[in-house]
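Engineer: This is the structure I want to talk about, given as structure tokens.
The values are calculated or read from the model by the stated rules, or taken from the named source; none is laboratory data. Owing to the predicted nature of the structure, the values given are computational and were not obtained by experimental measurement. Reconstructed Cβ throughout: ideal geometry from the backbone, glycine too, with neighbour counts over all protein chains shown.
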Amino acid sequence: MQLPFPSREEAPVADREGQTQILEAADAFPPLKSAVGGVLALWDIAERAKHSKSDAREIARRTGTILSVIADAVLDGSPISPLMHQSIERFTVLLHDIHRLMVSMSLTNRVSRIVHLNRNESALLGMKTKLEDAYRDFLAASALRVEAQQATIASQQAELAVQQAKLAVQQMQLANRQKQLASKLSQILFCSGLTVFLANP
């Protein structure tokens, strides 16, 4: 089942200020810092755009949303899986591709934009589709990490259960040993008392 791209109401903070905050926290993870730089570059283009401004801002918002989801997963202190790392790198490459295309579109004159209107619209739609794919790609990698963490926890719990079972067996053996010692001690005390009694008629 494909997960839909989050709506404006569902999405985390995806504006430029939010990305700047992520940038300040991304020093410990360079791939995330590179992605933040790519998103901020797209916000610059969207703010300066004179044509297709709404499309440019929508694309910038979507990249910001994906980045916020990535940051939440990366900065939570959990180990980053190779699949997550690769998906972040692919997202960063995609940001560069989108940036080049948006710059190219912003530099075209009015006549060229009219002539290539359909092509430009198709390119914008392609960008949005690729961003949705990148979003799902990262979510899938994150889900696999969660599954791996759960499997590790389950394994640790199973190992703990085995250790507890062994400890219970050892405690039972110790209890039996103590009973045997107590029984032998009683026998020794009885024999000692009997010896003393017989020695003193």
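Engineer: Can you spot a residue in region 124-134 that is modelled with pLDDT under 80 and of a type in the set (Asp, Glu)?
Structural biologist: No: region 124-134 contains no residue that is modelled with pLDDT under 80 and of a type in the set (Asp, Glu).
Engineer: Of the residues 166, 130, 179, which single one is touching an Asp or Glu at 6+ places or on another chain (Cβ under 9 Å), in a helix (DSSP H, G or I) and of a type outside the set (Phe, Trp, Tyr)? Steps first, answer last, please.
Structural biologist: Details: 166 fails: touching an Asp or Glu at 6+ places or on another chain (Cβ under 9 Å); 179 fails: touching an Asp or Glu at 6+ places or on another chain (Cβ under 9 Å).
Checking each option against the conditions leaves just 130.
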